[in-house]
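Here, each number is a calculation from the coordinates, and none is a lab measurement. Keep in mind that what you see is a predicted model, and the values were worked out from it rather than measured. Note: ideal-geometry Cβ built from the backbone for every residue, glycine included; neighbour counts use all protein chains shown.
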Amino acid sequence: MASFFPRTAFRTLSALPKAAPWAKTPITAPLAQPLARRFIGSLPREQPRLRLGSTAPNFEAVTTQGQIDFHKWMDGCWTILFSHPADFTPVCTTELGAFAKLKGEFAKRGVKMIGLSANDLGSHGDWIKDINEVTGSDVQFPIIADADRKVAWLYDMIDESELANLAEKGIAFTIRSVFIIDPAKKIRLVMSYPASTGRNTAEVLRVIDSLQTADKKGIATPIDWQVGDDVIVPPSVSTEDAKKKFGEVRELKPYLRYTKY
Ligand code: BEZ
């Protein structure tokens, strides 16, 4: 994995600080397993568990739109938090441009967007100019400047093999993570992609549609579901109750029942 990272990316990434700046970060979520040994020396805390349904950990961070307290910044909205390995890298550039172009689609669903890249603010500013130029987009959402990997660490956005190389390189690369967080600050989806694979914005929107529809209507959605397709009656609802609630119910098996969306 390590050899996959381009030399330019190493140059743009700053080394982890010797003293852990996130020592002061309060971690309120339940704690998981101990950290990789080389990292432990500089980290006073363990990572929170990021289970679906758990509260998204809060943090303070510097972003391209100023200092934020993440929970306050969410302001009771659906939120997508997505991370990138580094500024001025090709796949990340295409991703940021694509997400920026979908500003309207996310807004329509009431979703706030926030990116993260493991570089400082000055680098982010220059990179955004490049992204807009190359992809014809207009990046308007904030990007967290996470040069010290504080947020990447908190959200487990660190590649394991890179963690093992910390002693040698003094840095840990941030992977491509997506967190969809609901207005109650609960984590509803986690996606982790390797550095070599750009994400699929349509899938991110599709999951948001599924989650919001499920919450509103009390249904589930089948494989490859898209808005407008039939939805599934969850096992917790009897067919009799489903007919009262949804009208027509198509029963393929007692446990597999469709209804109109
Ligand atoms: C990129 O193209 O975005 C990228 C590729 C490899 C490592 C980090 C970033």
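Return the long-range amide H neighbours of residue 221 (sequence gap of 5 or more, or a different chain), with a cut-off of under 5 Å between placed amide H atoms.
Hits under the 5 Å cutoff: 232.
Along region 140-150, what does the Karplus equation 6.51 cos²θ - 1.76 cosθ + 1.60 (θ = phi - 60°) give for ³J(HN,Hα), rounded to whole Hz, x for Gly and Pro?
Each residue of region 140-150 in turn: 10, 7, x, 10, 5, 8, 10, 4, 8, 6, 4 Hz.
For residue 176, enumerate residues with amide H under 5 Å from its amide H, sequence gap 5+ or separate chain, H modeled in the peptide plane.
Amide H neighbours of residue 176: 193, 195.
Magnitude of the Cβ-charge dipole of region 51-208, K/R +1 and D/E -1, about the Cα centre, nearest 20 debye?
In total the dipole reaches around 740 debye.
How would you classify region 62-153 from its alpha-carbon gyration tensor, with a ≥ b ≥ c the square roots of the eigenvalues: rounded for a/c under 1.5, else prolate if a/b is greater than b/c, otherwise oblate?
oblate
Using a Förster radius of 45 Å, what is the FRET efficiency between residue 138 and residue 46 based on their Cβ-Cβ separation? Nearest 0.05, please.
Approximately 0.70, to the nearest 0.05.
Show me, for region 225-232, the HN-Hα J-couplings you get by feeding each phi into the Karplus relation (A = 6.51, B = -1.76, C = 1.60, θ = phi - 60°), rounded to Hz, glycine and proline as x.
Whole-Hz 3J(HN,Hα) from phi for region 225-232: 4, 10, 3, x, 6, 4, 10, 9.
Reachable lysines from residue 243, Cα under 21 Å, same-chain residues fewer than 8 places away excluded?
216, 217, 253, 260
Sort 200-207, 75-82 by the packing proxy (mean of other Cβ within 10 Å over each peptide's residues), most packed first.
75-82, 200-207
Taking θ as phi - 60°, what are the ³J(HN,Hα) couplings along region 104-121 by the Karplus curve (6.51, -1.76, 1.60), each to the nearest whole Hz, with x for Gly and Pro?
x, 5, 5, 4, 4, 8, x, 9, 8, 10, 8, x, 8, 9, 7, 9, 8, 5
Dipole magnitude of region 150-261 about its Cα centre, charges +1 at Lys/Arg Cβ and -1 at Asp/Glu Cβ only, in debye to the nearest 20?
That gives a dipole near 440 debye.
For region 218-259, rounded, prolate or oblate, judged on the Cα gyration tensor with a ≥ b ≥ c (square roots of eigenvalues), a/c < 1.5 rounded, else prolate if a/b > b/c?
It comes out prolate by the Cα gyration axes.
Is there a quick way to get the dipole size of region 218-259? I mean about its Cα centre, with the Cβ of Lys and Arg at +1 and of Asp and Glu at -1; what is the value in debye to the nearest 20?
Its charge dipole is roughly 160 debye.
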